[in-house]
Amino acid sequence: MGIHQNWIAFCTIFIKEVRRFLRIWPQTLLPPAITTGLYFVIFGHVIGSRIGTMGGFDYMTFVVPGLVMMSVITNSYSNVSSSFYSNKFQKSVEELLVSPVPNWIILVGYVAGGVSRGLMTATIVIILSLFFVDFQVFNIGITLLAVLLTALMFALGGFINALFANSFDDVSIVPTFVLTPLTYLGGVFYSVSVLPEFWRGLSQINPILYQVNAFRYGMLGYSGVVDLVMAFAIMMVTVAVLFAVSLHLLNKGKGLRS
C-alpha cells in the first residue's frame, strides 16, 4: 500500500474510534466530568479547607493537574482496551488482519482514538476546574507534551491488555487492580515531598508519579521532588518500548489467531 492508501486506512480506523466514543458520550465523556465535580466538592471544599496549602498553592488548585491526569490515564487506557477487545470478540478485527493494511497502521489508528478520548476528557476536566479555581498555565509546551505522552503510553497499554484478554473481565482487571492504586499513590492528591523518606523513595518506582508531576509543573510550575528531565525521559522510553511490544504482538497475532 502507498502513502495515500495508508493515510485513508488510518483515518478510517481513527474516525471510527472517535465516532464510537462520541456516540456513547454519556458513558465515555460525562462520567469524568461528574467524578471531577465530586472530587472538587469533597477534596476541595471539605478536605482542602482543612489542609490549607500544598506546594505553595491552595489545595484545590494543587489537585487540578492530578485530576486531569487521572482522567487521561483511565480514558486513554479503557478506550483502546475495550474497543479493540470488542472487535476481537466480534471477529470484526479479522477483516483488518486479512486486508492489505499494515499492522502498524492498525495500531496507530486505535491508539490515536484512545489518545483523542484522553485529550478530550482532559479538556473537559480543565474547563470544569475553572468554575472552582483560577489559575494560569505555567508552561504550555511542557503541559501539552506531558499529557500527550501520558495518553500515548496508556493507550498502548490498553492495546496490549486487549491482545492478551480472553474475556471482558480480563479487560477490567488491570484498571481495577493496577492503574487505580498506582494513580492514587502517584501524587494526584498530595505532594510526595511531604512523605517520610522511606515512602518518598518507594514512590519513585511508580511511573505515574513522573507523569502527574511533569504535568503539574507545566500547569503550576511545581513538580515536587521529581526531576523534569528524568520524567520526560522515562515517558518517552516507555512509549517507544510499549509501541515496539504492541507491534510485535500484533505481528505475531497474539490473542488473534487460534
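Counting only helices (runs of 4 or more DSSP H) that sit wholly inside the range 79-165, those with at least 3 residues that are modelled with pLDDT of 95 or more and closer than 30 Å to residue 59 by Cβ are 103-129, 140-164. Scanning the range 78-110 for residues that are of a type in the set (Val, Ile, Thr) and either without any contact (Cβ under 8 Å) to a residue 12 or more places away in the chain or open to solvent by less than 10 Å² (accessible area, probe 1.4 Å) (or both) yields 80, 93, 98, 105, 106.
Yes or no, residue by residue, for (1) in contact with a helix residue (DSSP H, G or I) (Cβ under 9 Å, 6 or more places away or on another chain); (2) closer than 18 Å to residue 70 by Cα; (3) charged (D, E, K, R):
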site: 155; (1), (2), (3): yes, yes, no
site: 168; (1), (2), (3): yes, no, no
site: 173; (1), (2), (3): yes, yes, no
site: 177; (1), (2), (3): no, yes, no
site: 187; (1), (2), (3): yes, yes, no
site: 202; (1), (2), (3): no, no, no
site: 216; (1), (2), (3): yes, yes, yes
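Considering only residues in the range 244-258 that are assigned to a helix (DSSP H, G or I) and among the hydrophobic types (A, V, I, L, M, F, W, C), the one that is least open to solvent (accessible area, probe 1.4 Å) turns out to be 250.
Would you mention how many residues in the range 31-78 are polar (S, T, N, Q), assigned to a helix (DSSP H, G or I) and modelled with pLDDT under 85? Walk me through it before giving the result.
Start the filter on the range 31-78 by keeping residues that are polar (S, T, N, Q), which leaves 35-36, 49, 53, 61, 71, 74-76, 78.
Adding the requirement that they be assigned to a helix (DSSP H, G or I) leaves 35-36, 49, 61, 71, 74-76, 78.
So of that shortlist, the ones also modelled with pLDDT under 85 come out as 36, 49.
Residues flagged as polar (S, T, N, Q), assigned to a helix (DSSP H, G or I) and modelled with pLDDT under 85 within the range 31-78 amount to 2.
Of the residues examined, residue 217 is one that is of a type in the set (Phe, Trp, Tyr) and either free of Cβ contacts under 8 Å to residues at least 60 places away in the same chain or open to solvent by 50 Å² or more (accessible area, probe 1.4 Å) (or both). When restricted to residues that are in contact (Cβ under 8 Å) with a residue 12 or more places away in the chain and open to solvent by 30 Å² or more (accessible area, probe 1.4 Å), the range 225-243 contains 8. Out of 131, 138, I need the residue that is open to solvent by 10 Å² or more (accessible area, probe 1.4 Å) and closer than 25 Å to residue 233 by Cβ. Which one? Selected residue: 138, the only one of 131, 138 that is open to solvent by 10 Å² or more (accessible area, probe 1.4 Å) and closer than 25 Å to residue 233 by Cβ. Being under 14 Å from the mean Cα position of the chain (by Cα), at pLDDT below 90 and small (Gly, Ala, Ser), is that true of even one residue in the range 201-220? Checking the range 201-220: not a single residue is under 14 Å from the mean Cα position of the chain (by Cα), at pLDDT below 90 and small (Gly, Ala, Ser).
Pairs meeting the criteria (first residue in the range 20-38 and over 17 Å from residue 119 (Cα atoms), second residue modelled with pLDDT of 85 or more and open to solvent by 50 Å² or more (accessible area, probe 1.4 Å), beta carbons under 8 Å, at least 6 apart or on different chains) are lacking.
Yes/no per residue for (1) open to solvent by 40 Å² or more (accessible area, probe 1.4 Å); (2) within 30 Å of residue 107 (Cβ to Cβ); (3) without any contact (Cβ under 8 Å) to a residue 40 or more places away in the chain:
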{"position": "144", "(1), (2), (3)": "yes, yes, no"}
{"position": "163", "(1), (2), (3)": "no, yes, no"}
{"position": "166", "(1), (2), (3)": "yes, yes, no"}
{"position": "182", "(1), (2), (3)": "yes, yes, yes"}
{"position": "196", "(1), (2), (3)": "yes, no, yes"}
{"position": "202", "(1), (2), (3)": "yes, no, yes"}
{"position": "211", "(1), (2), (3)": "no, yes, no"}
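The values are calculated or read from the model by the stated rules, or taken from the named source; none is laboratory data. The structure presented is a predicted model; accordingly, all values stated were derived computationally and were not measured. Neighbour counts run over all protein chains shown; Cβ positions are idealised from the backbone, glycine included. These accessible areas exclude ligands, DNA and RNA; they are computed on the full protein's heavy atoms, side chains included. Shrake-Rupley method; radii C 1.70, N 1.55, O 1.52, S 1.80 Å.
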